[in-house]
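Shown next, in structure tokens, is the structure this report addresses.
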Amino acid sequence: MALLQISEPGQSQAPHQRRLAVGIDLGTTNSLVASVMSGTATVLKDEDGQWSIPSVVHYAQDSPVVVGRKAQENAADDPLNTIRSAKRLMGKGASDIDSSWLSEHYHFDMDSGSLPAFKTAAGNKTAIDVSSAILSKLRATAEETLGGDLVGAVITVPAYFDDAQRQATKDAAALSGIHVLRLLNEPTAAAVAYGLDSGTDGVVAIYDLGGGTFDISLLKMQRGVFEVLATAGNTALGGDDFDNAVADWIQAQAGVSQLTDKGARRQLLALSRSLKESLSSDSSAAYDLTLENGTQFKGELSLDVFNEIIEPLFKNTLPPCRQVLRDAGVAKTDVQAVVMVGGSTRVPLVRSKVGEFFDQKVLTDIDPDQVVAVGAAIQADVLAGNKPDSDLLLLDVIPLSLGLETMGGLVEKVVPRNTTIPIARAQEFTTYKDGQTAMALHVVQGERELVTDCRSLAKFELRGIPPRTAGACRIQVLFQVDADGLLTVSALEKESGVVASIDVKPSYGLSEGEIEQMLKASMEHASEDVQKRALAEQRVEARRTMEALNSALQADGDQHLSAEERADLDGLLQNLALTAESENHDAIKLAIEKLEAGSSVFVERRMNASVKQLMAGQELSALENALVTGETSGESGQT
Ligand code: ADP
Ligand code: MG
């Protein structure tokens, strides 16, 4: 049997062969897939020659699942089994459905396990199932077009998606056999598409108006790294509302106050949508529609009238724009670029009014429907290793500092916030007590000085540390965060080689809002925190002083001290023990100083005794060594 060959690390088996990777915009309304081909990110067309598919899945009894345009055709006839906007349900629980738009349109099964499911003719389907059907269709399109198996995909998600929503997206990908190279925030993908990551540093605004949602994000670029400064939006505002407003207007023109037939209303909405879309390039659009129930709509809609109809809806996007500027503490004049994303930003009124608001020309060169998928494709190409010579795009940063609890309930930050990932950082810590053989490691996240004000991520223990005097051991703690935000913390005691480690998911566990909240709190409490830290440090110092003195007293106190001297020292020790319980930093400091002064005679006598002992039989170099090893551990913290 021939031996299998393994290539050198970092080199792929066939250096000239591109690894097929795609970017996927898994949208609420429409989804697309793109890939870098001949150096250009291109959106891939499906078998019908279309580059975007409606995010719609039709389930029928005993027949294959239908996805996209063909599924949408069933919307009027079989609305309950034609699932759209499933993205709104990703990562959500049964309690989130009641208040949602979805509950008006679909029937749900709340009892099937923990995930709520759409009741369809083909059985219960979760949002993950629906998304996975859409992803499978996109994967098929990609593999057909690119002519091979995909190594993976970058899938975009809204910046505000929390851990559960991101995990649901990953689950959907896994179900459809797609390896997720990385989840990427939609606004970040749009900024990458415009190459804003390699431009000058500054703030960019991403205005995304889709079918049913509006998102505004402010991103800050620094050396090719994007940080989400703030996001806001409206989860119930988008092109669908424009369609509804136009449909209402047409009904009013035709003198029909209400359409009781759901199918008829859907038909009218489809007409309204096509009128709206043609008004993005024409100045008027004629319509002529006869519903099955005989109602006739005939007339013309001019761009001016259309603008009047939608302006009140558009205006609802401005308060969130003001809010992100306020939240991020950024002035409009600091915004260096405004990127238009989403099909509804094709509407001329939207473009001009957003431009007016930010007082600059908005970016529309890249098709606003395609821009997110294009950015994701560029990122996928890099992550798949197709651009070995280029600087790897590092697009994510740690939103909050990661650190370790040290003595006194204090936090030692090991990885500061905004550090780009992937990252590995090591820091040395040491033992607190003589003979300590285990160490409790508590990993925390946050900007505050005290553990109680930070978020606890994980706890683990390192055992088997050789018993040494306090501060003598060297424990190296390594924080590693990979590209997906997965944190691994490991601890290694250098002399014995004992190790322990733990995995944590830090960066996606919190929503943007919670992160902001924690940052705000750290600023508000900055001076208070400094005081608390000083107090805690003073207490640690007090305990350390007492421990050291007590162990010395135990060893040879009787030898060097009279009963009276001993009683005085015990008094000072007791005083410090009591004072250390108080909140008074200066009093503790004073009590430590008193104890140090009171014990100086004892320390001196011990020192003299050991020097004499050494002089008796040893060389001078040994004496020097003995004096040097009295030192403390310098920079390393004690845990
Ligand atoms: P999502 O991100 O929610 O999936 P999209 O970005 O694909 O949504 O936007 C879909 C919306 O864009 C729909 O409401 C659609 O009618 C609207 N749209 C698409 N093309 C145009 C156009 N030419 N003019 C105006 N609106 C458009
Ligand atoms: Mg979108």
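The values are calculated or read from the model by the stated rules, or taken from the named source; none is laboratory data. Treat the numbers as computed from the prediction; the structure is a model and nothing was measured. Here the Cβ is made from the backbone with ideal geometry for all residues, glycine too, and neighbour counts use every protein chain on show. Areas reflect the complete protein model, heavy atoms only, side chains present, ligands, DNA and RNA absent. Shrake-Rupley method; radii C 1.70, N 1.55, O 1.52, S 1.80 Å.
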From the list GLU356, GLU292, GLU311, which one is surrounded by fewer than 17 Cβ atoms within 10 Å (Cβ to Cβ), away from ligand 1 (no atom under 16 Å from the Cβ) and under 39 Å from the mean Cα position of the chain (by Cα)?
GLU356
Scan the stretch 589-610 and tell me whether some residue there is over 22 Å from LEU553 (Cα atoms) and either at pLDDT 90 or above or assigned to a helix (DSSP H, G or I) (or both).
no
Given the conditions (1) part of a loop (DSSP other than H, G, I, E, B); (2) crowded, with 23+ Cβ neighbours inside 10 Å, every one holds for GLY177 apart from (2)
So which strands (runs of 3 or more DSSP E) stay within the stretch 60-158 end to end and still have 3 or more residues that are open to solvent by 20 Å² or more (accessible area, probe 1.4 Å)?
123-126
Kindly provide the set of residues from the stretch 81-104 that are under 18 Å from GLY123 (Cα atoms), more than 25 Å from the chain's Cα centre (by Cα) and at pLDDT below 90, ordered by number.
LEU102, SER103
Looking at ALA377, is it farther than 30 Å from HIS179 by Cα and not polar (S, T, N, Q)?
no
Quickly run through the stretch 430-484 and pick out the residues that are of a type in the set (Ser, Thr, Tyr) and part of a strand (DSSP E or B).
THR430, SER456
Residue check: is VAL228 at negative phi, away from ligand 1 (no atom under 13 Å from the Cβ) and either of a type outside the set (Ser, Thr, Tyr) or open to solvent by 40 Å² or more (accessible area, probe 1.4 Å) (or both)?
yes
Quick one: count up the residues across the stretch 192-222 that are within 13 Å of MET340 (Cβ to Cβ) and within 16 Å of ligand 1 (Cβ to nearest atom).
10
Could you check the stretch 222-330 for strands (runs of 3 or more DSSP E) lying wholly inside it with 3 or more residues that are in contact with a strand residue (DSSP E or B) (Cβ under 7 Å, 6 or more places away or on another chain), touching a residue at least 12 places away in the same chain (Cβ under 8 Å) and in the same structural domain as ASP162 (by TED's automatic domain parsing)?
225-234
Residue check, LEU318 away from ligand 1 (no atom under 14 Å from the Cβ), over 30 Å from HIS179 (Cα atoms), touching a helix residue (DSSP H, G or I) at 6+ places or on another chain (Cβ under 8 Å) and open to solvent by less than 20 Å² (accessible area, probe 1.4 Å):
no
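This table checks each residue for (1) farther than 12 Å from LEU595 by Cβ; (2) outside the structural domain of PHE602 (by TED's automatic domain parsing); (3) in contact with an Asp or Glu (Cβ under 6 Å, 6 or more places away or on another chain); (4) open to solvent by 70 Å² or more (accessible area, probe 1.4 Å).
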position: GLN531; (1), (2), (3), (4): yes, no, no, yes
position: ALA542; (1), (2), (3), (4): no, no, no, no
position: GLN554; (1), (2), (3), (4): yes, no, no, yes
position: GLY557; (1), (2), (3), (4): yes, no, no, no
position: SER562; (1), (2), (3), (4): yes, no, no, no
position: GLU565; (1), (2), (3), (4): yes, no, no, no
position: GLY571; (1), (2), (3), (4): no, no, no, no
position: LEU576; (1), (2), (3), (4): no, no, no, no
Verdict on ASP215 being away from ligand 2 (no atom under 16 Å from the Cβ) and either under 21 Å from the mean Cα position of the chain (by Cα) or open to solvent by 50 Å² or more (accessible area, probe 1.4 Å) (or both)
no
Note on the stretch 231-257: residues within 16 Å of ligand 1 (Cβ to nearest atom) and at pLDDT below 90 are THR231, GLY233, ASN234, THR235, ALA236
